[in-house]
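Working notes, structure below.
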Amino acid sequence: MSDLITGLSGVLLDPATLGLFVFALIGGIVFGSIPGISGVTLAAILLPFTAGMSTTQAVMTFAVLYVSSVYGGAITAILFNIPGSPNNAPACFDGYPMTLNGQSGKAIGAAVTASALGGTVSALVMMLATESIAGWAVRAFGPPEIFALVVFGLTVAGAVGAQTLSHGWLSVCLGLLLATIGTSPAGNVPRFNMGSTYLMGGIEFVAIILGVFAVSEVLKQGQHIAEGIRVPPKIGIDFPSFAEFWALKLAVFRSIIIGFFSGILPGIGATLAAFLGYNEAVRWSRNPKKFGTGTLEGVVAPEVANNAATGAAMVPLLALGIPGGALTAMMLAAFQMHGLDPGPALFMTSRELVWTVFVAMLLANMSIMLLGYLETKTIVHLLRIPFPLLAPIILMLGIIGAYAVRNLMLDVWVMLIAGIAAFVLRGRGYSMAGVVLGVILGQIGEGAFVKAMPIMNYELTGFLYRPVALVLLLGAVLSVAISAFQRVRRARKEAGRDGLPADASA
Amino acid sequence: MNASIPSPLRGMLAVCLLSLSGLGVADAQTTEAPEKPDGYPSRDITVMIPFGTGGGSDQMMRALGAEMARIMGVDFRYTNKSGAGGLAAIPDFLVAPTDGYTLLQHHDAVVTGQAAGKHNLVIGENIVPICIPQQDFSQLFINAEDDRFDDWESLVEYAQETGETLRVAASSGQGSHEHSMVTLISEGSGIDLEVVPFGDPGERVSAILGQHVALYYDQPGEGRPYVEEGQLTPVLSIVEEAPDAFSHIPDLRDVGLEFNPTLKFRALWASPEVPEERRDYLEAVCRQAADSEGWQDYLERTYTHLNSRFYGSEEGTEFASQMLETYRTTFRDLGIID
């Protein structure tokens, strides 16, 4: 309790710290919502200036920035099908269809509440158990376990948003294939790069998601206008009701667990958390077909998960000194600029700092709730902009976003080609969610597999000797088996029903 | 500065500084600056950084660039072009105007990449160092809780007795500085070591702290926080003769390894077609920046102050060329190139 009071007074009673808190909160939302420019960009600009701050202020600023930037990108994903960052891409799957269904307010409200909820619970768990969780997570999850986790996630990817299961799996396979372009993580051999040095870095994920979501949607809406069948989305400012949220309690709980554990793992973080959160919502749903059509659960599950990853990312950083991604790496640099190293001793030597950061993250998540509520009532009115004016703005934002990630024109071309290809594929029942899932899980999965093999002496049976990996792989096999069994049973039932009149007439 | 300004004001000062930077206001303390050749530079300098925002290379360049910008009286703009282990930035560097307004930050991968034939940069032909202000040797670390061995001697004994291949978490795989050094150590010690490349520093540290690998390869400054926390133990300094501060850790000669190790380094590069007087000016500015308190603080913070020395363009080219020959020989011996 005294730690909590220390943390609260650290944030609220010092005007400069409070000023930085507000700056980071708003800065994170703004930078997080612009495609291709993330909280990391703002953090890099800020890094030199942290020398003039106290260590607590510096680390707190980055922590708040991290929380708010992960949330910021959901707004553009829901309203315009432009995810601000890869971890908000799954919010497009159902968020944008909700906007088209006139439920934009509800979708944003769900994203806001889910983000705040995921982040708050994650911050609370982080406060209570950082020291004990960190060591366990690092020991239990190595590359073999991460690979098994990706396989587990992939087993449900084919069921997301496609006309048929075969369309879904073909979409995922296309994504997996795209993920192989670049340089092989095994031996650094150039692969499918067509002689281009630029392509040796692989296809930029942000360019793909901007293409398949934003560009293809502009083309689709343009087609509807040309055919005279476009109906502008109605403005909805309703906030989701408590009952609607209560109905999703299991999905929220599941996403918190998924998000938290994904966040702890270095190099994985909020993006995988969001995708796995969405996948598991589909896997455990009684009606998986509703996903991709505009269901509240499809917005809540990934947004809870990616924000749950933010508190979790602090766990290895503060307890072991391990940065999980670019932003936490900069926090590490901020620590070092002040002659301090995060690690086990930090909890004894700098308890005030640790608790100020914890409390700041908690308050940031709560503030998101308030800001988000206001946004629900205001920002949705952007949808009133006529589409002929909105379309070039979306395309311009997409081009800026694709270019800004690596400052490469190639990424703009990739985005445009992906957009045209997606427009054609969507019209034929393929799932863009499946393609994106394939790209992200393929990249992470292959990287993990290449590291896992030497660790397991190049023997696939090595997975059998690692309990966590084994459970995840068995879960994957079971998931496929149950899905296949259900399909066979359904097919037999349908065959039986079709055959009944014939039998009766015989 | 921290000691003289009350804590609440420091944050406000930082916010004010940020606002000023947003307006593009540069500190114009140019009184001691080298003389500008024909008014160069008259506008901002762009530096391509071939790695992501916030990484080690990015931080190094921003620290050096801040000092250089102060001396030159113009702003430095940074373009992070990450991908393919630092190769994705190279095409843009090669087609950029050679007027001295576009520079490249890169590290020893320029040399290893040329030796292994991974890119089309040729030192002296289409790329020259302006300065090489940061170098460091590397170390091998073990997990302090690993009960199989506690120093280099016991590690070698263990590996020889069991015949087990010990995995080493390093930043790059085949055709890199890390891979070649580990292979030479492996061959010289008669034990099996295998590099597992982890591009992400967090994953790399996680792999050793979680005991998924037996060893961790990095520079002393990268490993220092974990050593001070009692999580990692350095067991071998990959240098012919370690500086005094590391005399308690065996170096290559102490353990009977005779090969000549290479250093990791970070440098600022330009095209050789940039007019000579501009390159000379940039070198002089870099030299002055490297003497600054800000840069020295950075070196100390990254623990590279013990091993870094300043190489100007000419000595830097010689330094890089010597390394190139060493890598070529090593890669040939290891069968990586013909």
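Heavy-atom accessible area, probed at 1.4 angstrom with all protein chains present, ranks A:ILE229, A:ILE256, B:ILE208 as A:ILE229, A:ILE256, B:ILE208, highest first. Largest accessible area first, the residues B:LEU252, A:LEU474 order themselves as A:LEU474, B:LEU252 under a 1.4 Å probe with ligands, DNA and RNA left out. Computed with a 1.4 angstrom probe on protein heavy atoms, the B-A interface buries about 4300 square angstrom of accessible area in total. The accessible area of A:ILE5, taken with all protein chains in place and a 1.4 Å probe, comes to roughly 100 Å². Solvent-accessible area of B:PHE76, all protein chains in place: 20 Å² (probe radius 1.4 Å, heavy atoms, ligands and nucleic acids excluded). Using the Cβ-Cβ distance between A:ILE257 and B:ASN126 with R0 set to 56 Å, the FRET efficiency from 1/(1 + (r/R0)^6) comes to roughly 0.60. Relative contact order of the range B:42-133: 34 percent, from C-alpha pairs under 8 Å at least 6 residues apart in sequence.
Once neighbouring chains are kept in place and the probe is 1.4 Å, which whole percent of the accessible area of the range A:410-484 is contributed by carbon and sulfur? Taking all protein chains in place, the range A:410-484 shows 75 percent carbon and sulfur surface. Among rounded, prolate and oblate, which fits the range A:373-481 when a ≥ b ≥ c are the square roots of the eigenvalues of its C-alpha gyration tensor, a/c under 1.5 means rounded, and a/b larger than b/c means prolate? Cα axes put the range A:373-481 in the prolate bin.
For the range A:51-85, heavy-atom accessible area (probe 1.4 Å) falls by no less than 10 Å² from the chain alone to the full protein assembly at A:ALA51, A:GLY52, A:MET53, A:SER54, A:GLN57.
Lysine pair count for the protein assembly as shown (Cα-Cα distance under 23 Å; residues 8 or more apart in sequence or on different chains): 18. Taken about its Cα centre, the range A:62-221 carries a charge dipole of about 120 debye when Lys and Arg each add +1 at the Cβ and Asp and Glu each add -1 at the Cβ.
Taking a ≥ b ≥ c as the square roots of the Cα gyration tensor eigenvalues, the range B:210-283 comes out prolate, since a/c reaches at least 1.5 and a/b is larger than b/c. Mind listing, in residue-number order, the residues in the range A:453-471 that have at least 10 Å² less accessible area with every protein chain present than in their own chain alone (1.4 Å probe)? Buried by 10 Å² or more upon assembly, which counts only protein chains, are A:PRO454, A:ILE455, A:ASN457, A:TYR458, A:ARG466. In this simple spin-label model, placing a label point 7 Å from the Cα along the Cα-to-Cβ direction at both A:TRP246 and B:ALA96 gives a separation of 6.1 nm. If R0 is 22 Å, the Cβ-Cβ spacing of A:MET396 and B:ASP44 corresponds to a FRET efficiency of close to 0.35.
With the simple model of a label 7 Å out from the Cα in the direction of the Cβ, A:ALA495 to A:TYR465 spans 4.4 nm.
Each Cα pair under 8 Å and six or more residues apart adds its sequence gap; the mean of these over the residue count of the range A:267-397 is a relative contact order of 19 percent. Taking the protein heavy atoms of the range A:215-255 in the context of the full set of protein chains, the accessible area attributed to carbon and sulfur is 68 percent at 1.4 Å.
This model, with +1 at the C-beta of Lys and Arg and -1 at the C-beta of Asp and Glu, gives the range B:138-246 a dipole about its Cα centre of some 340 debye. Computed over protein heavy atoms with a 1.4 Å probe, the accessible surface of the protein assembly as shown works out to 39 Å² per residue.
Ordering B:ARG332, A:ARG428 by accessible surface, largest first, gives A:ARG428, B:ARG332; the 1.4 Å probe counts only protein heavy atoms, with every chain in place. Long hydrophobic helices in chain A, taken as whole DSSP H segments with a C-alpha length of 18 Å or more on their own axis and mean Kyte-Doolittle hydropathy at least -1.0: A:15-33, A:55-80, A:104-140, A:165-179, A:249-264, A:269-284, A:296-320, A:351-378, A:387-406, A:409-427, A:432-455, A:467-505. Shape class of the range B:138-246 from the alpha-carbon gyration tensor: rounded, with the ratio a/c of largest to smallest axis under 1.5. Tell me the accessible surface of A:SER85 in square angstrom (1.4 angstrom probe, heavy atoms of protein chains only), to the nearest ten. Using a 1.4 Å probe on the heavy atoms, I get roughly 20 Å².
Between A:ARG384 and A:PHE192, residue separation times 0.36 nm minus the direct Cα-Cα distance comes to 64.8 nm. Would you please give the FRET efficiency between B:GLU318 and B:ARG253, computed as 1/(1 + (r/R0)^6) with r the Cβ-Cβ distance and R0 = 35 Å, to the nearest 0.05? Calculated value: 0.90. Relative contact order for chain B: 25 percent, from Cα pairs under 8 Å spaced at least 6 residues apart, divided by residue count.
The values are calculated or read from the model by the stated rules, or taken from the named source; none is laboratory data. Because the structure is a prediction, the values reported are computed rather than measured. Positions of Cβ are generated from backbone atoms using ideal geometry, with glycine treated the same way; all protein chains shown enter the neighbour counts. In case anyone asks, the SASA skips ligands and DNA or RNA and just uses the protein heavy atoms, side chains included. Shrake-Rupley method; radii C 1.70, N 1.55, O 1.52, S 1.80 Å.
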